[in-house]
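Notes for the one structure printed next.
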Amino acid sequence: MLKKNEIYQTEIIDYTTEGSGVCKIDGIAVFVPNSAVGDRLKVRILKSNKKYAYGKIEEMIEPSENRITPDCDIFHQCGGCTFRHISYESELAFKQKRVYDTLTRIGGIDGSMIHEIERADYRDQYRNKAQLPITRDKDGHIRVGFFAPASHRIIPLDDCMLQSASFRAAIQIFLDWANSENVPPYDERNHSGILRHLYLRYAENTDELMVCIVANAKELRKEKKLVKMLTQGLPNLKTIVLNTNAEKTNVITGDTYRVLYGSGYITDELCGLKFYISPQSFYQVNHRQTEKLYTIAAEFAALKQGEILLDMYCGIGTIGLTMAAKAEKLIGVEIIPRAIEDAKKNAEINGIGNAEFICKDASSAAIMLKDRQIKPDCIILDPPRKGCAKDLIDTIAGMSPLRIVYVSCDPATLARDIKIFAEKGYYTEKAIPVDMFPRTVHVETVVLMSAASRRSRFRVETSLTCDKSSSRI
């Protein structure tokens, strides 16, 4: 076991899934944050056991050729970014390797089925959603920021290179109001104070902005003044919403929303369709990469007239509705009632009449559809990070779809699930990683699975719903 505070000379040879560098010292793996593969350095041991250890950079002997000068002074503190210190090509190589290693090792698929990662053309200011905790700085000023990694310590910030530039003015106006009225930030230690989070959403294609204040109260002090300041200072502001969260919880938003200004939602355009977005709506945070991802998913789905598309975890209907024109019928499933309401509105405003939306959890809905003897030709899966429950996979396989398109935000649970699907007779045909979250460790992957009896004759048919220039097939 390595000794705490001992310093060793070593070289970084790999990354963890969290983005820390990995080196080997006396046969023990040591994890070193903010390091880069190829760095030759001295590492101080901070914590150790018989199998692995944690260290920090004590001295840089020779930096990796993959290193770049970070363009943010606090990225290593706030935890929003992981890779501002390495080149984008190195970041993509890490993500490609992560997907490849995980799907081949855990999922058991042939590595030749994993295609090159879909890179992002824009790596900054892509996030259309921000949920910023509110605090006081050491001088007593009310600030917003991000939680430091693995803590509830807030790192104050004035700007973030990942967030939409349209958020800057909204943040400043909100802070001007909060400081002038001395509205106290929430303190989770004693459940006191009012302001918990500033929650912002932006529609890139329509330039519409939403401001949502999450508070430990049903009303705000001088809230009419806040509305006036925001509406006068933000020409593209479409709505202001107050969310009440009075619970002793780490969950950001509560169940109660009150509209202070506007309609309570913004509208964006994605893949040629319009979408209502409320504070509760799930909507991908990177608009341009989402269009690429949905294009790949549509190509994999290869829908034909007369076929039924089942969109599990449909949210506000985005994926399914962008494919609905190619299908005979679209059925969307989502457990959140407000999301289903939004999905129905989104079908209506786009004139899509062949869509049905069901408010149930995925497993229950799949059983219900099977009981209705509905046999989808293609099923879209876009589950949360934990992946699909085994009973859902059993039910989906029992519905005998020809194709399954799985959109995943976690390679490990994706690999676990595709292995289970293979046991049910569904084999992976193609997998394409998509860099939805540049400068972070996260990566999306789109996988096509088809029934075993069709493997030898199945070919993906191009079925674009977005810009053809983004096609990877």
Could you say which residue among Glu299, Glu307 is crowded, with 17+ Cβ neighbours inside 10 Å, over 29 Å from Gly254 (Cα atoms) and over 25 Å from the mean Cα position of the chain (by Cα)?
Glu307
Which residue, of Glu58, Glu91, is in contact (Cβ under 8 Å) with a residue 40 or more places away in the chain, within 22 Å of Tyr122 (Cβ to Cβ) and out of contact with any helix residue (DSSP H, G or I) (no Cβ under 6 Å at 6 or more places or on another chain)?
Glu91
Which residues, taken from the stretch 208-240, are touching a strand residue (DSSP E or B) at 6+ places or on another chain (Cβ under 9 Å), touching a residue at least 40 places away in the same chain (Cβ under 8 Å) and closer than 20 Å to Pro184 by Cα?
Val211, Cys212, Val214, Lys218, Leu226, Leu230
Single residue of Lys218, Lys248, Lys224, Lys228 found to be of a type in the set (Lys, Arg) and either in a strand (DSSP E or B) or more than 23 Å from Ser180 (Cα to Cα) (or both)
Lys248
Name the residues in the stretch 48-78 that are exposed (fewer than 15 other Cβ atoms within 10 Å of the Cβ), assigned to a loop (DSSP other than H, G, I, E, B) and over 28 Å from the mean Cα position of the chain (by Cα), would you?
Asn49, Lys50, Lys51, Glu65
(1) over 20 Å from Ala298 (Cβ atoms); (2) in contact (Cβ under 8 Å) with a residue 12 or more places away in the chain all hold for Pro383 apart from (1)
From (1) over 30 Å from Ala120 (Cα atoms); (2) touching a residue at least 24 places away in the same chain (Cβ under 8 Å); (3) not aliphatic (A, V, I, L, M), pick out the condition that doesn't hold for Pro149.
(1)
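Do you know which residues across the stretch 124-140 are over 23 Å from the mean Cα position of the chain (by Cα) and over 14 Å from Ile171 (Cα atoms)?
Correct list: Arg136, Asp137, Lys138, Asp139, Gly140.
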Looking at the stretch 176-193 only, could you name the residues that are buried (at least 18 other Cβ atoms within 10 Å of the Cβ) and under 16 Å from Ile154 (Cβ atoms)?
Ala178, Pro185, Tyr186, Gly193
Determine if the stretch 390-397 includes at least one residue that is touching a Ser or Thr at 6+ places or on another chain (Cβ under 7 Å), buried (at least 17 other Cβ atoms within 10 Å of the Cβ) and either assigned to a strand (DSSP E or B) or of a type in the set (Ser, Thr, Tyr) (or both).
yes
The conditions are (1) touching a strand residue (DSSP E or B) at 6+ places or on another chain (Cβ under 6 Å); (2) touching a residue at least 40 places away in the same chain (Cβ under 8 Å), and Glu18 fails exactly one of them. Which is it?
(1)
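Laboratory data are not the source of any read-out in this text; all were calculated from the coordinates shown. Since the structure is predicted, the reported quantities are computational estimates derived from the model, not experimental observations. Neighbour counts are summed over all protein chains in view; Cβ atoms, including those assigned to glycine, are modelled from backbone coordinates with ideal geometry.
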